[in-house]
Structures are given as C-alpha cells and as structure tokens.
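The structure appears below as structure tokens.
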Amino acid sequence: MANQYKLKVNEEFEYSLTKKDLESLDLVATEKDSYHLLQDGQSFNLQITEKDFDGKIYRVRVNNTPYEISISNPLDLLIDEMGFALNSASQIGSIEAPMPGLILEVSVTEGQEVQEGDPLLILEAMKMENVITSPRNGTIKSIPIRKGQAVEKKHLLITFE
C-alpha cells in the first residue's frame, strides 16, 4: 500500500500502479510537457495540456485523444481506506480502526473539545505506531476502547457529538 497509486481516467476507468510500475515505464521527455511512451510494443505520444497540482487532476492528450486523469497517492488512499474524506470531515461522527492493532495510548477524554489534526490515540499495527488524529473540530462523545486493548479492523474507537 505504501507505494500504491490510483489513476482514474475520465471518471470512468481506474488503474492501480505501484511506484515500481511507474519507474519501469519506457517514458522519454521530448519537449516541455510532452513525452513518448513505449508500452507493449506500441508507441504513444503524450502531451500534458492542463495541470492542477493541488487537485491532482491533469488533462492529457494521448495520440491526440484528450483524457482527464486524477491521481490518488498513497496518503490519499490511506485517508480513503480509514473512512476520512477530506471534503466531508465535518460529517464524520466516529472513527473506526483502519487495521487490527493494539491501543498504545488514548490522548483524549469524553467531553473534551478537539481541533482538526489533534492527536486522539496511538494504534500499534504491524510494528508501527500510527497516530490517529481528529478529522474535524468537535467534542468527544465516547471512547469505547482503553489503553492496552487489542482491536480488529473497523472496531469503533471514538465517537463525536
């Protein structure tokens, strides 16, 4: 997952690529924003016509056919997997465990007001400490877990008022 990227083409087709896949492309820059790609014995001319770096959306012409490509990087995919949507953070009512693990620390209490980005707890999974932060401003309603507790994926960790 750490090196996984998802490309969505024209909001219709999805492709998953790893960093290794991207590095192995036979791609050569020919001009500014123009490239030549050789893939499976076929030749493709690519030209980037528009870039929205922050929105991660690119308009590209491949052999003069236009495409819109949106790119999700590993962090975007993790946020999506954890159920956090950047545009709908205010609607999040609870946080579930994104993976099985052990609760190492609970940094908040019931009734506590938190700001977006505040650390809520630390979940140890696969020998890594994962700090789970608040996806929004709000008040902690309940914390049905405790330090030292083992949790499974989708286990309820925290609810918001």
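Using C-alpha pairs under 8 Å with a sequence gap of at least 6, the mean separation divided by the residue count of segment 83-160 gives a relative contact order of 40 percent. Using a Gaussian network model of the chain in which every pair of alpha carbons under 10 angstrom is joined by a spring, one finds that among Asp54, Asp76, Asp33 the greatest mean-square fluctuation is at Asp54.
Taking every DSSP helix (H) stretch of at least 4 residues in the chain, weighting each as -39,500 (n - 2.57) and dividing the sum by the residue count yields a mean residue ellipticity at 222 nm of -2000 deg cm²/dmol.
State, as an integer percentage, the relative contact order of the chain based on alpha-carbon contacts under 8 Å between residues 6 or more apart. Can you show the working numbers first?
Numbers: 315 pairs, mean separation 27.6, N = 161.
17 percent.
Students often get this wrong: which residues of segment 7-28 have the backbone nitrogen under 19 Å from the point 7 angstrom along Cα-to-C-beta of Ile57? The answer is 7-15, whose backbone nitrogens lie closer than 19 Å to the label point. The spacing between segment 21-69 and segment 107-130, judged by their C-alpha centroids, is 40 Å.
What is the Rg over Rh value, at two decimals, for the chain, using alpha-carbon atoms and the Kirkwood definition of Rh? Don't skip to the answer; put the middle values down first.
Working: Rg = 20.7 Å, Rh = 18.5 Å.
We get a ratio of 1.12 for the chain.
With a simple spin-label model that places each label point 7 Å from the Cα along the Cα-to-Cβ direction, the separation between Ile48 and Glu124 comes to 4.2 nm. Diagonalising the gyration tensor over the Cα atoms of segment 83-160 and scaling each eigenvalue by 5 before taking the square root yields semi-axes of 19, 14, 11 Å, largest first. Each semi-axis of the equivalent ellipsoid for segment 1-51 is √(5λ) with λ an eigenvalue of the Cα gyration tensor; in descending order they amount to 20, 15, 12 Å. Here's how it looks for Gln112: its modeled amide H is under 5 Å from those of Ile140, which are all 5 or more places away or on a different chain.
Taken together, the values in this text are just the output of simple stated rules run on the coordinates, not laboratory data. As the structure is a prediction and not an experimental result, all values here were calculated from the model. Ideal geometry is used to build each Cβ from the backbone, glycine not excepted, and the neighbour counts take in all protein chains shown.
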